Amino acid sequence: MDYLGLFPVFYVPDVGSAWLMGLTGTIHIMASHTSVGAAMLFAFLAHKAYKEDRDDLYDYMKRYGMFLLIFSYVIGSITGPGIWYTATAASPRGISALIHNFVWVWATEWVFFIYEVIAVFALVYFIGKIDKKTHLKLTYTFALASVGTLALIIGIISFMMWPGNDAFYNTGSASDAFFGLNTFPHMFLRIGFMVMMSGVIGLIISSAMKRENVELSNELTRKMGYVGLIGGFVALFFFMWYISTLPANADAVLGLTLDSIIFNRIILAIMFSLYFFLAILKPQWIGKYLAVIMMFVIGIVGVWPGEKLRESMRKPYVAGQYIYSNQIISRDVPGKGVKSEVEVVAAKGLLGVDPWVPERLRTITPENKLEVGEYLTKRACSNCHSLEKGGKYRSMIALFTDKVQMTDAASIKSYMQVIGTGSIPYMPKIALPDEEYDAMAEWIATQINN
Ligand code: HEC
């Protein structure tokens, strides 16, 4: 038997592995984007402090830096590897594809990151202890290293959406994989958001300084209002550009929820514009509790839906438009020596090519049929759908009962055959032998009617 190089299915009931990814990703983005944004902000503040001889700004940078160390660097360094663990479990072949394309890019990013961590410690620790010019130079290198980590990682994340350039499939070259159509809009979208985040966090620090120095606190609150406003508009502008650089399958998914996304972004834009204008016009009204609440708002209302969307829009692929979310390879990539697996799955069935099927389920019998059906549905569908009744993540049961209104095994099977032709843009082409469809359809029907 020739097995495919599949890994065991990482199955998370109710919420699905994608939600785990989204949750870890959201926390990580809050931390990492704040740190890159703050690195740019520090470069600006340190420049100003040096040129205008403003000693009071160093105090602000020191407090901000302490916050960064505790918030961004501790949380960011915990959730960064957390993303790796979650992604490796949820989508081992997606991660494998990224490593096979970008191992040196990643290594370089890591070097930048190490510099960034050392620099942030040095910056906070040496404020007031080294001469200002040296401090300023240190701040510039910190900013460069931080933006460097962003630039490198963005090429990789953009490749997950698509190489954006067909040459890659034949050359397999890292630069063809890296410089796609959406790499730059994505990069500037993130840079805008990072600047905005540095303003959101900056407002927490400046409003907390009120008691010691009202004037400085108000001045900085006003400045952070401008920073947030500028960052927010840059992010919004590039977001619109970014969504115009997406592949066709992403447009199909986007089309399902476009209204609610646009509604969400408009509400956010209004809310945060008001907040930043308030900071500029009435800085004394911005209290530290409000500032902390707004940080959570941006996380929960802004980043979390954004991350879920980014995960969704890639469907049916997880990386490079050649690995489906259910880990089957969808096409040949001659440049990487990768071969499509769709045909062999259609011919031999998942039971014939998946090394992880327990031996007692390898052949379908009347006794094990439902159990096989459950196994196969987890393998083929659970990466994108919760299978439980009331599951939170694009519940398959709800989709069958409400969206397509099919509840009996025969019509479920016929629907799966449609998926099997690859005609639904956001679902993987997964043609299977008849008896495997039967087993899955029967198990799904039992779940629905239970
Ligand atoms: C790569 C991700 C992915 C996989 C794997 C996947 N689906 Fe879907 N499926 C989607 C998306 C995205 C939607 C659109 C959901 C919506 O309407 O919000 C969807 C919708 C559906 C619908 C609703 C009808 C429709 O056409 O929108 C059904 C039924 C469905 N899937 C069944 C399945 C079954 C059965 C499997 C396993 C053979 C499967 N899906 C595998 C992503 C996937």
Task: Fraction in percent of alpha-carbon pairs per bin - 10 Å, the chain - done: 4, 19, 27, 22, 15, 9, 4, 1, 0
- [ ] Could you work out the relative contact order of region 341-449, using alpha carbon pairs under 8 angstrom and six or more residues apart, expressed as a whole percent?
- [x] 34
TODO: Can you check what the net charge comes to around Ile364, using other residues whose Cβ is under 9 Å from the Cβ of Ile364 (Lys, Arg +1; Asp, Glu -1)?
DONE: -1
Open item on the list: Cut-off 19 Å, label point 7 angstrom out along Cα-to-Cβ of Trp110: give me the residues of region 8-33 whose amide nitrogen falls inside.
Closed with: none
- [ ] Averaged over every viewing direction, what's the projected area of the C-alpha convex hull for region 341-449? Give it in nm², one decimal, please.
- [x] 6.6
Task: Set Lys369/Lys403; Lys403/Lys429; Lys308/Lys336; Lys62/Lys129 screened for pairs whose C-alpha atoms are more than 24 Å apart - done: Lys369/Lys403; Lys308/Lys336
Task: Between region 211-235 and region 369-414, the alpha-carbon center distance in angstrom - done: 50
Open item on the list: If I stretch the segment between Lys133 and Asp408 completely, what's the gain in nm (0.36 nm per residue apart, minus their alpha carbon distance), one decimal?
Closed with: 91.6 nm
Open item on the list: For region 207-270, which GluC sites (Glu not before Pro) pass both filters: DSSP loop (anything but H, G, I, E, B) and at most 15 other C-beta atoms within 10 Å?
Closed with: Glu212
TODO: Kindly report the accessible area of the chain per residue (heavy atoms of protein chains, probe 1.4 Å, no ligands, DNA or RNA), in Å².
DONE: 44
TODO: With an 8 Å cut-off on Cα pairs and a minimum separation of 6 or more residues, tell me the relative contact order of the chain in percent.
DONE: 20
TODO: With everything on Cα atoms, drop me the angle between helix 304-313 and the longest principal axis of the chain, reported from 0 to 90° to the nearest 10.
DONE: 40
Open item on the list: Helix 369-381 against the longest principal axis of the chain: what's the angle in degrees, Cα atoms only, rounded to the nearest 10?
Closed with: 40
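Taking all protein chains as present, what is the carbon and sulfur share of the accessible area of the chain, in % to the nearest whole number, probe 1.4 Å?
That fraction is 68 percent.
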Task: Rounded tilt (10° steps) of 288-297 against the dominant C-alpha axis of the chain - done: 20
Open item on the list: If you average the C-alpha positions of region 122-180 and of region 1-78 separately, how far apart do those two centres end up, in angstrom?
Closed with: 14
Task: Computed lengthening from Thr446 to Ala269, 0.36 nm per intervening residue step minus Cα-Cα distance - done: 59.2 nm
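The values are calculated or read from the model by the stated rules, or taken from the named source; none is laboratory data. Predicted, not measured: the structure shown is a model, and the values here were computed from it. Virtual Cβ from ideal backbone geometry, glycine too; neighbours counted across all protein chains shown. Please note that ligands, DNA and RNA were not included when accessible areas were found on the heavy atoms of the full protein model with its side chains. Shrake-Rupley method; radii C 1.70, N 1.55, O 1.52, S 1.80 Å.
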